[in-house]
Structures are given as structure tokens and as C-alpha cells.
1. Quick test of your reading of the structure: A159 fulfils all but one of (1) assigned to a loop (DSSP other than H, G, I, E, B); (2) under 31 Å from the mean Cα position of the chain (by Cα); (3) closer than 18 Å to E120 by Cβ. Name the failing condition by number.
2. Which condition breaks for S257 when tested against (1) touching a Lys or Arg at 6+ places or on another chain (Cβ under 9 Å); (2) part of a loop (DSSP other than H, G, I, E, B); (3) closer than 26 Å to E100 by Cβ; (4) not aromatic (F, W, Y)?
3. Given the conditions (1) out of contact with any Gly (no Cβ under 6 Å at 6 or more places or on another chain); (2) in contact (Cβ under 8 Å) with a residue 24 or more places away in the chain, report the number of the one that A159 does not fulfil.
4. Do any strands (runs of 3 or more DSSP E) lying entirely in region 61-142 carry at least 2 residues that are of a type outside the set (K, R) and in contact with a Lys or Arg (Cβ under 7 Å, 6 or more places away or on another chain), and which ones are they?
5. Does R146 qualify as being basic (K, R), surrounded by fewer than 16 Cβ atoms within 10 Å (Cβ to Cβ) and in contact (Cβ under 8 Å) with a residue 24 or more places away in the chain?
6. Of these, L181, L135, L186, which one is hydrophobic (A, V, I, L, M, F, W, C) and crowded, with 22+ Cβ neighbours inside 10 Å?
7. So for region 204-211 (the condition being outside any loop (DSSP other than H, G, I, E, B), within 21 Å of G98 (Cα to Cα) and in contact (Cβ under 8 Å) with a residue 40 or more places away in the chain), does at least one residue qualify?
8. Can you tell me which residue among G194, G237 is surrounded by 17 or more Cβ atoms within 10 Å (Cβ to Cβ), free of Cβ contacts under 8 Å to residues at least 40 places away in the same chain and either closer than 30 Å to E258 by Cα or not hydroxyl-bearing (S, T, Y) (or both)?
Amino acid sequence: MRGLVGLVVASSLVVSSAADAKSRHQPTKHPKATPTKQRSTRAARTSALREHEHDRVVMRELARGQSVGEPWAGRLQHPTALPPGEGYVIRRPSRAFGTETTVELIERAIGETLEAFPDEHVLAIGDISAESGGLITQHRSHQSGRDVDIGLFYNEQPADYPANFVHATEDNLDCAATFKLLESFLASTDDDGGVLMIFLDFDVQGILYSWALDHGISERRLGRIFQYPHGRGSSEGLVRHVANHDNHMHVRFKCPSEDTACH
């Protein structure tokens, strides 16, 4: 009897172990996803992928023209270099790049002035922009090829000019030639990409203003040109006061019509 009981127990253990082993090797069955749930999951994955692609690839429209952005926050593409010429000296050729319009109008204004005053000393040409624009030392603007620093004319060429700009006074400034240079630039205000504004020290404006009055130029005409004598904060005239411009004029040009990214 005892032997029969042992045999039954052993048989039960064998059957139980086989059942456990079979259970362990059976794959786990999950509820089958419905078609609606499958579409929802697929849509979520597609949306996440598109968002990732949007973050990784940024489409940017190509800017047409040369001058891009603001004079104080911009760049220059397809630059035009101001070429060397008779009658002027480019102080830093690596910074003598601008838009084609800017360069053409600089050459035109200087040419007209030197034609009227053929015996004048050479003129100092300061910075326009770097070849690709952007920030350059000693300037906040001059970034998009539409600014140029132009020296002045003097009764006698100063010893360190044109290598350096020279402070203008009533005693040393050649008002006739400098006024002609100023007017030659301002003659382009109605042209595409022509002069927008000129920056010149208020006191130097006063020297030129007084000379012009003494030489028969009307107050009405001078009022369209100078901020002087209305005060440094006045909105009168195209020539405006900016500090540290008592030894050169800073000429700013408008955006050419084809430069769609110019501001």
C-alpha cells in the first residue's frame, strides 16, 4: 500500500513539472489592436517624425541683391570693390566693398568734385564694408555695403593725411571743395540706391553753412541740406550730427530696389 501511494505522488510531480515547462515556453498573448488604434498610433509616430525633421532642416529663402539687412545688422553678398583711382586714396582696401550702386555713386561724386577742383590734394576714402559685410572694428554700422567714410578737403594737405582723417576747423577746411563734394553726393538722393543721409559734426556743418551763405547760397537751399542751425536733435536737413565726425563725412545710401532683403 505504501509503495502504491509513493508511485501516485511521483506520477503527479512528473505531470505538474511538464505542465509548468509547457507554460513557461508558451508565448504571451496580448489583446489584438483594433484598426482605429493602429491608425492613431501610426499618425502619432508620423507627426513626431515631421516635428523632428522640422527642427533639423530649416528652409531659408535666398536673398536677392547684394545688401542684406540693416547697416548696423547685416551682411554683403556678391560684393563690388571700390577700385583704385586718381585723386583719392583707399585707406584700407580690405574694407572697401559695397553694393554696385554704392561704389558707382562714390566714384561719380568724387569725379564731379575733382573735375570742378582739379588742383585739390588727394581725398581719403575710409571704410565701406568688409568683403562679406558684417561687424568690423571701429564701427557699429558699415555692415551691409551702404556706408562709406569720406575725408574732407583742406586749404593745405595735412602732413598725416590721407593716412589719417584730420579734424576740420575754420582755418584749415577748404569749404568750397568740401561743399562741392557734399552736394555731389546729395545729388543722388532721387536715384535708385542714392544717398539717404550724411553724418557730419554739427560745428563743421556750421562752418560750411556760414561759408555758403557768404557765397550767395540761399537759406532755403541750405535748410534742405543741413541740420545746422536748428540743433543737434533736429530732424531738419539731410546732413545730421553724429559725434566723432568732425574729420570726415559718413555717407549712407538707400537700399537698391533689387535688393529684396535690404532694410
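1. Among (1) assigned to a loop (DSSP other than H, G, I, E, B); (2) under 31 Å from the mean Cα position of the chain (by Cα); (3) closer than 18 Å to E120 by Cβ, the lone unmet condition for A159 is (2).
2. (1)
3. It is condition (2) that A159 fails.
4. Details: elements: 67-70, 73-76, 88-90, 123-125.
The qualifying strands (runs of 3 or more DSSP E) are 67-70, 123-125.
5. Details: basic (K, R): yes; surrounded by fewer than 16 Cβ atoms within 10 Å (Cβ to Cβ): no; in contact (Cβ under 8 Å) with a residue 24 or more places away in the chain: yes.
In short, no.
6. On the way: L135 fails: crowded, with 22+ Cβ neighbours inside 10 Å; L186 fails: crowded, with 22+ Cβ neighbours inside 10 Å.
Checking each option against the conditions leaves just L181.
7. no
8. Numbers: G194 fails: free of Cβ contacts under 8 Å to residues at least 40 places away in the same chain.
The unique qualifying residue is G237.
Bear in mind that the values in this text are calculations on the coordinates, not laboratory data. What you see is a predicted model; the values in this text were computed from it and never measured. Methodologically, a virtual Cβ is constructed for each residue, glycine included, from the backbone with ideal geometry; neighbour enumeration extends over all protein chains shown.
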